[in-house]
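Everything on this sheet refers to the single structure shown next.
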Amino acid sequence: MLYSTIADTYEKIEATTKRLEMTDLLVDLLKNTPKEIIDKVVYLTQGKIYPDFVKLEIGVAERLAIKALAKASGIKESEIEEDLKKTGDLGETAQKFMAKKKQVTFFQQPLTVQKVYETLDKMAKASGSGAVDLKTALLAGLLADATPKEAKYIMRTVTGNLRLGIADMTVLDALAIAYGGGKEARELVERAYNISSDLGRVAKAVAEKGLRGVKKFAVLVGEPIRPMLAERLSSPEEILEKLGGKCIAEYKYDGERIQIHKKNGDVTLFSRRLEDISSQYPDAIELVKKHVKAKEAILEAECVAIDADTGEMRPFQELMHRRRKYGIEEAMEEYPVSLFMFDALYVDGKDLTLELYPIRREALVKAIEESERVKTAKYIITSNPKELEKFFLEAIENGCEGLVCKSMAEDSVYQAGARGWLWIKYKRDYKSEMTDTVDLVIVGAFHGRGKRAGTYGALLLAAYNPESDTFETVTKCGTGFTDEDLAKLPEMMKKHVISHKHPRVNSMIEADVWFEPVVVIEVLGAEITLSPIHTCAMNAIRQGSGLAIRFPRFTGNYRLDKAAEDATTISEIVEMYQKQLKKIVES
């Protein structure tokens, strides 16, 4: 299969803002892809060559990419850099200069998907002292054989900025239509993805064997399961009513959610974004080896920073000092961790994801040996609102965020990759107006004036709508940023800049700069109000009005542990607004 076929489709996808049109284009591409390489085409369309949990990235910095482009085109690096300042897109710059390259490539071969993929794979695996030179040579060789259009998408892929606006859910829709007989097959295809987190493997299975192939997908140690997410409510009475009158309530620890995979003596830790973070927590790995009795297990836990002297829990922000490549030994000493286990998804050959929560918790208790630093999450089983409130206050007093209340009913399975009412968060912040923080996605920015000239004066922020898989604007935030924040924001957001509003962003406001919806930040506001200009929950409360957060302030917390789809949802914003109204009426 020629790589030009992919490049042509990418160009058409990039030219549309209509989701259905994007899906149709993707369906055509997948139908015309040889089944033996469909996994590679899907990875490339995600802008990667492996699923996120595989610790192999192409890893090409802008400087190296410029060097390779100069080598392939015969044009000076300084000239390329000058053009890049204007375009802000290395892909467009590559397309421009490869169209007027100074040297002719003899014996130029048309690029195949296989050739592009294998070359990117070699680049990802290059290591050691000659790695930079090898990567440069491999990339320059690819560009030399590429058409200008192909060069554009190769360059974007290697630098991690493909910018197609295609979410994993769009790919699942396209696979269901192309090989599953229609959108009604989406649920089966998505289940396979939710328990494997490997879109390429799912694509290959459904392309080669149809729905029979994805039905055979099983939970495997080493392949992270997409995490189950919780909704939120603000009173014990509502929570118990929603959960059938009785629930298991657990402490909600202020840590990093991790998924532990243990197979004999090997342990891997995955973040909630399914990235392998084992190297950041060697002490946690040792705790697992010592205290998880099961030979094979997939368990979920909160990894919490603790004070080594007092044993008290430290806030989440201190744990983020562990998110580093170097100085891990020092960080381990300064920010030691404890593990609070809260779910078992697989134990010694048994898939527990379709088991009820009480059964999973029982399996969890049997799978571990508790110690000072490894415990199951503290819990109670209750049907009494007052008892739930008392346990909630106890959790707060002990340094937790609040509670997670879990269903014990006949449908309390593990809903991988889904947010639902089987788990409900009850946090202290929900008790009054907007003392609760929200996690919002940066989708745009406005140029600063006066002291902020040359940086961003405010950011356009959005909440997530899981039903339409889009991001709806909810506020403009320009408060709470330090001088350091203001200096680093343009650089930090540079690789996410796009020339137009992203297809997944729903905005009536025209930003000066648009971004891919990727970066999540934490914001605190004064109140939620009706808004004629923000699209969050448009028409849900009143016709012609959305919801907006008034007087927002950045808390200083960049939620690097969260994907954009993990941001606060529009239904959560609606819920907070309704609770706020209720309190105003009651007072």
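The values are calculated or read from the model by the stated rules, or taken from the named source; none is laboratory data. Note that the structure is predicted; figures quoted are calculated from it, not measured. So basically every Cβ, Gly included, is an ideal-geometry build from the backbone, and we count neighbours across all protein chains shown.
Filter segment 227-247 down to residues that are part of a loop (DSSP other than H, G, I, E, B) and not charged (D, E, K, R) and give me whichever is surrounded by the most Cβ atoms within 10 Å (Cβ to Cβ). Per the stated criteria, the residue is 227.
The residues of segment 123-162 that are within 27 Å of the chain's Cα centre (by Cα), buried (at least 20 other Cβ atoms within 10 Å of the Cβ) and among the basic types (Lys, Arg), listed by number, are 152, 156. Taking the criterion of being crowded, with 22+ Cβ neighbours inside 10 Å, of a type in the set (Lys, Arg) and under 30 Å from residue 578 (Cβ atoms), would at least one residue in segment 248-264 satisfy it? For segment 248-264, residues crowded, with 22+ Cβ neighbours inside 10 Å, of a type in the set (Lys, Arg) and under 30 Å from residue 578 (Cβ atoms): present. Out of segment 166-190, which residues are part of a loop (DSSP other than H, G, I, E, B) and more than 16 Å from the chain's Cα centre (by Cα)? Passing the criteria: 180, 181, 182.
Condition first: within 27 Å of residue 399 (Cβ to Cβ) and under 18 Å from the mean Cα position of the chain (by Cα). Can you find one or more residues in segment 209-228 that meet it? Yes, segment 209-228 contains a residue that is within 27 Å of residue 399 (Cβ to Cβ) and under 18 Å from the mean Cα position of the chain (by Cα). Residue 324 meets each of the listed conditions (1) surrounded by fewer than 22 Cβ atoms within 10 Å (Cβ to Cβ); (2) touching a helix residue (DSSP H, G or I) at 6+ places or on another chain (Cβ under 7 Å); (3) not in a loop (DSSP other than H, G, I, E, B) apart from (3).
Matching residues to (1) assigned by TED's automatic domain parsing to the domain that holds residue 501; (2) in a helix (DSSP H, G or I); (3) hydrophobic (A, V, I, L, M, F, W, C); (4) modelled with pLDDT under 90:
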| residue | (1), (2), (3), (4) |
| --- | --- |
| 81 | no, yes, no, no |
| 101 | no, no, no, yes |
| 105 | no, no, no, yes |
| 114 | no, yes, no, no |
| 120 | no, yes, yes, no |
| 129 | no, no, no, yes |
| 136 | no, yes, no, no |
| 153 | no, yes, no, no |
| 164 | no, no, yes, yes |
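Here the strands (runs of 3 or more DSSP E) wholly within segment 448-550 that include at least 1 residues being touching a Lys or Arg at 6+ places or on another chain (Cβ under 8 Å) and either among the small types (Gly, Ala, Ser) or touching a residue at least 12 places away in the same chain (Cβ under 8 Å) (or both) are 456-465, 470-477, 513-515, 520-524, 527-531.
Examine segment 475-497 for a residue that is touching a helix residue (DSSP H, G or I) at 6+ places or on another chain (Cβ under 7 Å) and within 25 Å of residue 571 (Cβ to Cβ), and state whether such a residue exists. Show your work before the answer.
To start, the set of residues in segment 475-497 that are touching a helix residue (DSSP H, G or I) at 6+ places or on another chain (Cβ under 7 Å) comprises 486.
From the residues that got through so far, the ones that are within 25 Å of residue 571 (Cβ to Cβ) too are none.
Checking segment 475-497: not a single residue is touching a helix residue (DSSP H, G or I) at 6+ places or on another chain (Cβ under 7 Å) and within 25 Å of residue 571 (Cβ to Cβ).
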